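S.K.: Structure provided below as structure tokens; questions to follow.
None of the figures in this text is laboratory data; all of them are computed from the coordinates on show. Because the structure is predicted, anything quoted here is derived from the model rather than measured. Virtual Cβ from ideal backbone geometry, glycine too; neighbours counted across all protein chains shown.
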Amino acid sequence: MLNSLNGSEPSECWADIGDLRVRYLDWGGQGKPAVLLHGLASSANWYDLVSPHLRNHYRIISPDQRGHGQTTQ
């Protein structure tokens, strides 16, 4: 999890929803929250390069969807 190009790293967070354990990345930022959802066969890290730029205007949150990344099935 990294953005070595600009030195920005998100906070790795977890939410327990019933039997589901969801991992999400919180990039912080100013403004209204924006939740970035990845497609199939991907993870929250799909947005590692763009999130540091978007957080200048939004609070960026990117979850691993069910069965992807580190989120349980």
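S.K.: What residue among G18, G28, G39 has the largest mean-square fluctuation in a Gaussian network model of the chain, using Cα springs under 10 Å?
M.R.: Greatest mean-square fluctuation among the candidates belongs to G18.
S.K.: Does anything in the range 44-73 have its amide N under 13 Å from the 7 Å Cα→Cβ label point of S8, and if so which residues?
M.R.: Correct set: 47-62.
S.K.: From the C-alpha coordinates alone, can you work out the Kirkwood hydrodynamic radius of the chain, in Å? Walk me through the numbers on the way to the answer.
M.R.: Values: mean 1/r = 0.0812 Å⁻¹.
Hydrodynamic radius (Kirkwood, Cα only) of the chain equals 12.3 Å.
S.K.: Once phi is turned into θ = phi - 60°, what whole-Hz ³J(HN,Hα) does the Karplus curve with 6.51, -1.76 and 1.60 give for every residue of the range 22-29, x standing for Gly and Pro?
M.R.: 9, 9, 9, 9, 10, 8, x, x
S.K.: Ok, one more. Under a 10 Å cutoff between Cα atoms, tell me which one of A44, A34, A15 has the largest fluctuation in the Gaussian network model of the chain.
M.R.: In the Gaussian network model the winner is A15.
S.K.: Report, in debye and to the nearest 20, how large the dipole of the chain comes out about its Cα centre when Lys and Arg carry +1 and Asp and Glu carry -1 on their Cβ. Could the numbers behind the result be given before it?
M.R.: Working: 6 positive and 7 negative charges, 44 e Å.
Rounded to the nearest 20 debye, it is 220 debye.
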